[in-house]
Every structure is written in C-alpha cells, then in structure tokens.
1. Which of the following residues is assigned to a helix (DSSP H, G or I), in contact (Cβ under 8 Å) with a residue 40 or more places away in the chain and within 29 Å of residue 223 (Cα to Cα): 65, 11, 40?
2. Scan region 139-149 and tell me whether some residue there is under 15 Å from the mean Cα position of the chain (by Cα), buried (at least 22 other Cβ atoms within 10 Å of the Cβ) and on the phi < 0 side of the Ramachandran plot.
3. So, of the residues in region 1-18 that are farther than 21 Å from residue 81 by Cβ and out of contact with any helix residue (DSSP H, G or I) (no Cβ under 9 Å at 6 or more places or on another chain), which turns out to be surrounded by the most Cβ atoms within 10 Å (Cβ to Cβ)?
4. Which residue is nearest to residue 173 (Cα to Cα), if the candidates are limited to region 83-111 and must be within 17 Å of the chain's Cα centre (by Cα) and not in a strand (DSSP E or B)?
5. Any residue at all in region 193-203 that's closer than 22 Å to residue 17 by Cα and either in a strand (DSSP E or B) or modelled with pLDDT of 95 or more (or both)?
6. Please enumerate the residues belonging to region 28-49 that are under 13 Å from residue 76 (Cα atoms) and touching a strand residue (DSSP E or B) at 6+ places or on another chain (Cβ under 7 Å).
7. Restricted to region 244-271, and to residues that are part of a loop (DSSP other than H, G, I, E, B) and in contact with a helix residue (DSSP H, G or I) (Cβ under 7 Å, 6 or more places away or on another chain), which residue is surrounded by the most Cβ atoms within 10 Å (Cβ to Cβ)?
8. For a quick check of your reading of the model, give me the residue pairs whose first member lies in region 116-142 and is within 19 Å of residue 39 (Cβ to Cβ), whose second is outside any loop (DSSP other than H, G, I, E, B), with beta-carbon atoms closer than 6 Å and at least 6 apart or on different chains.
C-alpha cells in the first residue's frame, strides 16, 4: 500500500539535494510509536487503500525519476521488501537507474538486509533508543536495541561511511537519524556512543530536534511536551565530546516544520 509519493525537498541536504528525493511512503509500520508524526499512514491507514501491484510501483519509480530527482527513497519499507525489490527490477528493465535510499525506523531484520546487499545504495535508518524498556513503552516493540544495532552494523558493512559527490548529494553510505526525545527517553548518550565506537569512527549522524507531542504522546507525561532547549544542547555537546563531525543538526524550531498531512491530495509536507 502506497500512502503517498512525491518529490521531497525536506530530507537531509545530501538526500534531497537541489532536485529533491523521489520519496515513496509505504503505509503500515512494524512499530506503534505513540508519538509518531506519520500516524495517519503508519497506524491509522485503511486496509487496502493505495494498493498497487509491483508493476504499478515500478511505474511510480519511473515517474519520480522523470521529474529529475536524485534518488528513490523508500520510507518504512521493512514489511514490503520483496514487493519493492520486484518493482525495482521491473523499473530497471525499463531504464530506471537512480540510487535507492532505504529509509527505516531501524527495527529491521539483519537477515533481510543481507539480501539487499548490492541493491540499496544509501541506508537512512533511525536509531530511536538504547533501552528496551523505553522502546516497549513508547513504541510497543520488544528487543528494539539488539535488532537496531545488528541492522545498522549490517547496513554499514554493505555501504560503509556516507559518500557524497561534488554536488553534495549522497551516492552511497550510511546516515543514521536520532530523534532527541524529552526527558532523556531516547538515551542519546548511549546511542551516539554505540554509533561512534561500534559502527564507525566516521559515522554520519542526523541529530533531530523536530520532536513535538504528536499522535498519543500527550497520554504519557514524560513526552507530552516539546523538547527543551537544554535537552537538545546536551545532545549537541555529546556529538562534540564524542568527535562525531559528519552529518547534520537541526534548529529547535524544526518542530514546527515537519508536520505532514497525509489526508490531502498532493505533497504531505507542502501547502
């Protein structure tokens, strides 16, 4: 089920570039985060809505390529990997040749990822937590930490550190997103230390400040508020202390900019 597809100019600069990222939002998700900003499509989507065949999905890839995008960006693809790969094969037979971005929540099966070796060019996973208790309470998932660590290590094994061309657009590699949550619920110190010490000393990190209490977040007093300035500054200090210099950071005002509307026709992130 494809909830939306568009030319997305709001991803990290190395993903969107000047021409945008050809983003395909798959409906459904293997997590149930109570603060999900995409809850309309991840948890509330009508079963069967937006269903496409592999041939139809291949057509979407080709249409996005015709718009001049830098890459094809699979958002939440973990539960539709066979269909996405079949569609990619069909599109390639018709001339499709863009890099593939695998954009996930980090809760990926390392065995499945091994089958994508040589197919995916750029991995863009989240690493949400380093504590299984927080993951179970906020995302209704067990053993998130071990799964995400194994997945990210496998992603790096395949594509290595982030590589960009002269235009600054990613050609290959790993870029890990980490959303800083209020109250230390995202265990940023442990996450960043793992990425630096166990994945790569040159790991690229996108440290995000865009949290706001979406979906059911107001039901949990620990995260029922915006991120405080001091909380994000602490995470920025951690980047410096660990010597993580590759990647991106956000202004705290980003929380007002990333609020999609998937109920309307057209681009969910643009008016």
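The values are calculated or read from the model by the stated rules, or taken from the named source; none is laboratory data. As the structure is a prediction and not an experimental result, all values here were calculated from the model. Using ideal geometry, Cβ is built from the backbone for each residue, glycine included, and neighbour counts are taken over all protein chains shown.
1. Among 65, 11, 40, only 40 is assigned to a helix (DSSP H, G or I), in contact (Cβ under 8 Å) with a residue 40 or more places away in the chain and within 29 Å of residue 223 (Cα to Cα).
2. Yes.
3. Among those that are farther than 21 Å from residue 81 by Cβ and out of contact with any helix residue (DSSP H, G or I) (no Cβ under 9 Å at 6 or more places or on another chain), it is 14.
4. The residue in question is 99.
5. Yes.
6. If the condition is that a residue be under 13 Å from residue 76 (Cα atoms) and touching a strand residue (DSSP E or B) at 6+ places or on another chain (Cβ under 7 Å), then 41 is the only one that fits.
7. Only one residue tops the list, namely 244.
8. 126/177; 129/135; 129/144; 135/144; 141/135
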